[in-house]
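Reading through the structure tokens given below for one structure.
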Amino acid sequence: MNTSAHFPAEGGCDCGQVRYRLETNPLFVHCCHCRWCQRETGASFALNAMIEADRVSLLSGEPVIINTPSASGKGQLIARCPKCLVALWSSYAGSGPIMRFVRVGTLDNPDFLPPDIHIFTASKQPWVQLADDTPVVSEYYDRKQYWPPESQARYQAILPDILAYKAGLKEQ
């Protein structure tokens with residue numbers, strides 16, 4: 001499916017206080033079946049569109065950032081509406097504020113962003129049936145093996161910023 005025709009794409013929280021726009025298609029869409037995502041969402045998985053933070057424009061409102069525990073022990077920062085508390089996106093320690101993991105379900109039209117991969121399926125709910133045409137991995141995966149060339153090039157372009165962010169953490 002060619003998702004580029006769907007961008008820019010807008011989304012937001014339930015109450016409408018926080019609205020955002022994805023300026024371009026995401027790098028990749030994860031359907032994460034880890035127990036942490038199950039607990040956080042209260043559902044069987046989380047569907048996150050990975051995208052560079054500078055490609056997400058805030059249209060209205062200001063999310064609150066909540067530091068939430070993660071399996072890595074480094075936490076994740078979840079952007080939530082301050083009124084209805086819907087989670088809009090997360091940033092993880094691995095890429096910090098340079099990358100956002102946007103909750104696909106908060107888009108006005110989430111239908112055009114199905115998962116590119118199912119991850120951490122070793123802990124998926126046993127009754128969840130996965131499509132045969134989408135890659136499935138038991139834990140995480142090698143980006144070079146699964147990401148399309150355009151996404152890999154975009155990632156390489158922001159990699160110096162990610163490395164600088166990580167280096168700054170080590171100095172603290």
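The values are calculated or read from the model by the stated rules, or taken from the named source; none is laboratory data. Small disclaimer: the values here were computed from a predicted structure and weren't measured. Note that we place each Cβ from the backbone using ideal geometry, even for glycine, and neighbour counts take in every protein chain shown.
When segment 105-137 is examined, which residues are found to be under 16 Å from the mean Cα position of the chain (by Cα) and either hydrophobic (A, V, I, L, M, F, W, C) or at positive phi (or both)?
107, 112, 113, 117, 119, 120
One residue is enough: does segment 52-59 have a residue meeting the conditions of a type in the set (D, E, K, R), within 25 Å of residue 147 (Cβ to Cβ) and touching a helix residue (DSSP H, G or I) at 6+ places or on another chain (Cβ under 7 Å)?
yes
Quick check on my filter: what residues within segment 112-133 are touching a residue at least 40 places away in the same chain (Cβ under 8 Å) and in contact with a Lys or Arg (Cβ under 9 Å, 6 or more places away or on another chain)?
Scanning segment 112-133 gives 118, 120, 123.
For residue 108, are the conditions met, namely being modelled with pLDDT of 95 or more, touching an Asp or Glu at 6+ places or on another chain (Cβ under 6 Å), more than 20 Å from residue 155 (Cβ to Cβ) and of a type outside the set (Ser, Thr, Tyr)?
yes
Can you work out which of the residues in segment 26-72 that are modelled with pLDDT of 90 or more, over 11 Å from the mean Cα position of the chain (by Cα) and among the aliphatic types (A, V, I, L, M) is surrounded by the most Cβ atoms within 10 Å (Cβ to Cβ)?
56
Given the conditions (1) touching a residue at least 60 places away in the same chain (Cβ under 8 Å); (2) among the β-branched types (Val, Ile, Thr); (3) touching a helix residue (DSSP H, G or I) at 6+ places or on another chain (Cβ under 7 Å), report the number of the one that residue 136 does not fulfil.
With (1) touching a residue at least 60 places away in the same chain (Cβ under 8 Å); (2) among the β-branched types (Val, Ile, Thr); (3) touching a helix residue (DSSP H, G or I) at 6+ places or on another chain (Cβ under 7 Å) applied to residue 136, the lone miss is (1).
Every residue in segment 46-80 that is acidic (Asp, Glu) and more than 14 Å from residue 12 (Cα to Cα), please.
52, 54
Go through segment 71-112 and report how many residues are of a type in the set (S, T, N, Q) and in contact with a helix residue (DSSP H, G or I) (Cβ under 6 Å, 6 or more places away or on another chain).
Adding up the residues that qualify gives 2.
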